[in-house]
Amino acid sequence: MKLTALFVCLASIVSAQDALKSSLVFHASFDAGLNADFSRGDKNCVVRKGKEFVPASFNDDVKLDATGGKFGGCLHFPKKGVTRPQFSGVNVLGYNNTSWSATVSVWLRLTPDQDLEPGYCDPVQITGNDTNKGFIFLEWSKDETPRFFRFAIRPLKEIWNPTNVQWADIPFEKRPMVQVAKAPFSRDAWTHVAFTLNKLNEKSAKPSGSLYLNGKLQGRIENWDLSFAWDPASVAMVLGASYVGRQDDLAVFDRALTDEEVMQVFKLERGIVGLR
């Protein structure tokens, strides 16, 4: 009976990993460069230069730490710079105007109150052709000590901000976000961050988003009309906006993972490469 139970357990683990593998659409290990290792869309990492996009390259703002990552190499943002590497294209994030679901997974290492410079800091953003038509981001607040860590899904501006009030002036509880007062970030250890997007733009559903730290649910964004109006061709995942610290093993899945699946991703011994 014990042997049978073991086989059942192993089969369950393999099945769960297969489900994650089939949903993986993007992975950037940052072991040797900025470009993605795997993508159903464009693997190339780019930066904006004027009105054009050019291939991203390492510079004083963004460096490669070849051995200091959670898994191999990683990106190092040594200062608050102007370089914002990004990945774009419809198949990278799967954005669409009818029903959009996804999960983003990334590892971060920093001590926010010591490393970050003044002002907001967004280690990961998802943007479109106009932030008034939608904006998704991870954020550290700019004024509080200790700084709050947040995950926000801002839909059409007329939904979340009809009176045109500054983001900082809206009461916390009235913003479409999850806020964590004492998030477990440190220079001495890597912290896993994952967020889900569930059925955004679907009119007959109840859309939502969830934030996880080290595999544990921190909160959900619910009871909001999460409608966007992006041009799908313009949607991009932007890294390191005013961020100071390290970043590793960025991945995107084409659906909202369950609580159990996010924990499984957090526990992957070799990181996302173990799913490929």
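Which one of these is touching a helix residue (DSSP H, G or I) at 6+ places or on another chain (Cβ under 8 Å) and either aliphatic (A, V, I, L, M) or farther than 28 Å from Arg40 by Cβ (or both): Leu138, Leu108, Leu156, Leu93?
Just a single option satisfies the conditions, and that option is Leu156.
Matching residues to (1) modelled with pLDDT under 95; (2) crowded, with 19+ Cβ neighbours inside 10 Å; (3) touching an Asp or Glu at 6+ places or on another chain (Cβ under 8 Å):
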{"position": "Asp225", "(1), (2), (3)": "no, no, no"}
{"position": "Val235", "(1), (2), (3)": "no, yes, no"}
{"position": "Val244", "(1), (2), (3)": "no, yes, yes"}
{"position": "Glu261", "(1), (2), (3)": "no, yes, no"}
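From the set of residues in region 96-105 that are farther than 18 Å from Leu20 by Cβ and touching a helix residue (DSSP H, G or I) at 6+ places or on another chain (Cβ under 9 Å), which is surrounded by the most Cβ atoms within 10 Å (Cβ to Cβ)?
Applying the filter and picking the extreme gives Trp100.
For Val62, all conditions in the list (1) closer than 26 Å to Leu20 by Cα; (2) crowded, with 20+ Cβ neighbours inside 10 Å; (3) not small (Gly, Ala, Ser) hold save one; what is the number of the exception?
(1)
Listed residues Ala229, Ala168; which is closer than 24 Å to Arg84 by Cα, surrounded by fewer than 22 Cβ atoms within 10 Å (Cβ to Cβ), out of contact with any Cys (no Cβ under 9 Å at 6 or more places or on another chain) and modelled with pLDDT of 95 or more?
Ala229
For region 157-183, name all the residues that are among the basic types (Lys, Arg) and part of a helix (DSSP H, G or I). Don't jump to the end; show me each part of the working.
Filtering region 157-183 for residues among the basic types (Lys, Arg) gives 157, 174-175, 182.
Answer for region 157-183, where residues must be among the basic types (Lys, Arg) and part of a helix (DSSP H, G or I): Lys157, Lys174.
Within region 40-59, take every residue that is farther than 19 Å from Val235 by Cβ and at pLDDT below 95 and give me the one that is surrounded by the most Cβ atoms within 10 Å (Cβ to Cβ).
Per the stated criteria, the residue is Lys49.
Return a yes/no flag: does region 66-81 have any residue that is under 17 Å from Ser234 (Cβ atoms) and surrounded by fewer than 23 Cβ atoms within 10 Å (Cβ to Cβ). Give the derivation first.
Looking only at region 66-81, we keep the residues that are under 17 Å from Ser234 (Cβ atoms), and these are none.
No - not one qualifying residue is present in region 66-81.
Suppose we filter region 98-139 for residues that are in contact with a strand residue (DSSP E or B) (Cβ under 6 Å, 6 or more places away or on another chain), not in a loop (DSSP other than H, G, I, E, B) and not small (Gly, Ala, Ser); how many remain?
Number satisfying all stated conditions: 21.
Among the numbered criteria (1) in contact with a Leu (Cβ under 7 Å, 6 or more places away or on another chain); (2) not in a helix (DSSP H, G or I), which one does Glu261 miss?
(2)
Select from region 74-97 the residues that are in contact (Cβ under 8 Å) with a residue 60 or more places away in the chain, assigned to a loop (DSSP other than H, G, I, E, B) and closer than 16 Å to Gly245 by Cα and list them in ascending order.
Scanning region 74-97 gives Pro78, Lys79, Lys80, Gly81, Thr83, Arg84, Pro85.
Here is a check on your reading of the model: is Lys199 assigned to a strand (DSSP E or B), farther than 18 Å from Asp122 by Cβ and not β-branched (Val, Ile, Thr)?
yes
Going by the structure shown, is Val25 surrounded by fewer than 17 Cβ atoms within 10 Å (Cβ to Cβ) and aliphatic (A, V, I, L, M)?
No: the conditions fail for Val25.
Does Glu144 satisfy the criteria of being without any contact (Cβ under 8 Å) to a residue 12 or more places away in the chain and not basic (Lys, Arg)?
Yes; evaluated as a whole, the condition is true for this residue.
What's the number of the condition Ile153 fails, among (1) surrounded by 10 or more Cβ atoms within 10 Å (Cβ to Cβ); (2) assigned to a helix (DSSP H, G or I)?
Every condition holds for Ile153 apart from (2).
Might you let me know whether region 7-21 holds any residue that is at pLDDT 80 or above, under 17 Å from the mean Cα position of the chain (by Cα), part of a helix (DSSP H, G or I) and of a type outside the set (Asp, Glu)?
Yes, region 7-21 has at least one match.
Listed here are the residues, each with its yes/no results for (1) modelled with pLDDT under 95; (2) touching a Phe, Trp or Tyr at 6+ places or on another chain (Cβ under 9 Å); (3) surrounded by 22 or more Cβ atoms within 10 Å (Cβ to Cβ); (4) farther than 22 Å from Pro78 by Cβ.
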| residue | (1), (2), (3), (4) |
| --- | --- |
| Cys121 | no, yes, yes, no |
| Asp130 | no, yes, no, yes |
| Ala189 | no, no, no, no |
| Tyr212 | no, yes, yes, yes |
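The values are calculated or read from the model by the stated rules, or taken from the named source; none is laboratory data. Just so we're clear, the structure is a prediction, and the values are computed from it rather than from any experiment. Don't worry about glycine lacking a Cβ; one is built from the backbone with ideal geometry, like all the others, and counts go over all protein chains shown.
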